[in-house]
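Worksheet: the structure to be examined is printed underneath.
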Amino acid sequence: MVSVPENAKLYINGNPSDLTGGLRKFAANGLADDKRYEYEVKMIVEEAGKAKEQTKTVWLVAGEEQTVSFNAADATALADSDKPADLPQATTNLTLRVPADAEVWIEGHLTASTGAVRNFGTKRLASGQEWTDYEVRVVTVVAGQEQVVVKKLTLTGGRDTDLTLDPAATSPAVEATASLR
């Protein structure tokens with residue numbers, strides 16, 4: 001299910017949807033029981049004469065339901081998140097501590113980095129500017145079973161974030177493993 005503003009246009013893997021309303025239901029047919037499938041869901045909503053866009057990645061397994069929520073305020077924040085030229089450029093770093101053999105996705109994109117400590121940096125955020133719901137997904141195999149942990153966090157321009165994610169040790173404590181320096 002996808003929750004969107006009533007007037008939003010919706011795209012699934014780049015294909016426009018003809019469904020309307022605030023809650024739109026989709027079915028993915030023919031999924032194999034032993035595989036995970038990635039879907040890119042994009043919402044475009046017009047606000048004050050400007051098109052605002054937001055994209056989220058959803059992973060599905062046969063028989064599983066997912067709900068994706070969008071709202072116009074989130075799309076506006078993302079559209080306005082380009083750093084104005086007059087703000088000072090800041091380096092924002094993310095250090096991930098993960099199992100050495102893990103696959104890591106950042107914002108729905110598989111990274112090429114390897115090892116137990118992985119460093120990522122950006123200069124897209126101005127000092128103090130926030131990127132909310134920044135998604136980090138870590139996948140590894142434990143005892144022959146694929147284990148996944150997903151963490152959404154807020155990156156702040158000019159700050160370093162150090163995050164430990166180990167799918168084999170997933171517990172409520174995972175929520176407390178992100179620290180800002």
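Computed values, structure above
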{"quantity": "Per-residue Cβ neighbour rank within 10 angstrom, fewest leading, 70, 26", "calculated": "26, 70"}
{"quantity": "P(r) histogram, all alpha-carbon pairs of the stretch 2-79 included - 5 Å bins from 0, percent", "calculated": "3, 15, 27, 23, 15, 9, 5, 2, 0, 0"}
{"quantity": "Protection proxy ranking, peptides 158-164, 138-144, 59-65, average beta carbon neighbours within 10 Å, highest first", "calculated": "158-164, 138-144, 59-65"}
{"quantity": "Under 19 Å from the Cα of residue 25 - lysines, other chains or at least 8 residues apart", "calculated": "9, 42, 56"}
{"quantity": "Estimated D of the stretch 92-180 in µm² per second, where Rh is the Kirkwood radius over Cα pairs and Stokes-Einstein applies at 10 °C, 1.306 mPa s", "calculated": "119"}
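A short reminder: the numbers here are calculations on the coordinates, not readings from a lab. Just so we're clear, the structure is a prediction, and the values are computed from it rather than from any experiment. Neighbour counts run over all protein chains shown; Cβ positions are idealised from the backbone, glycine included.
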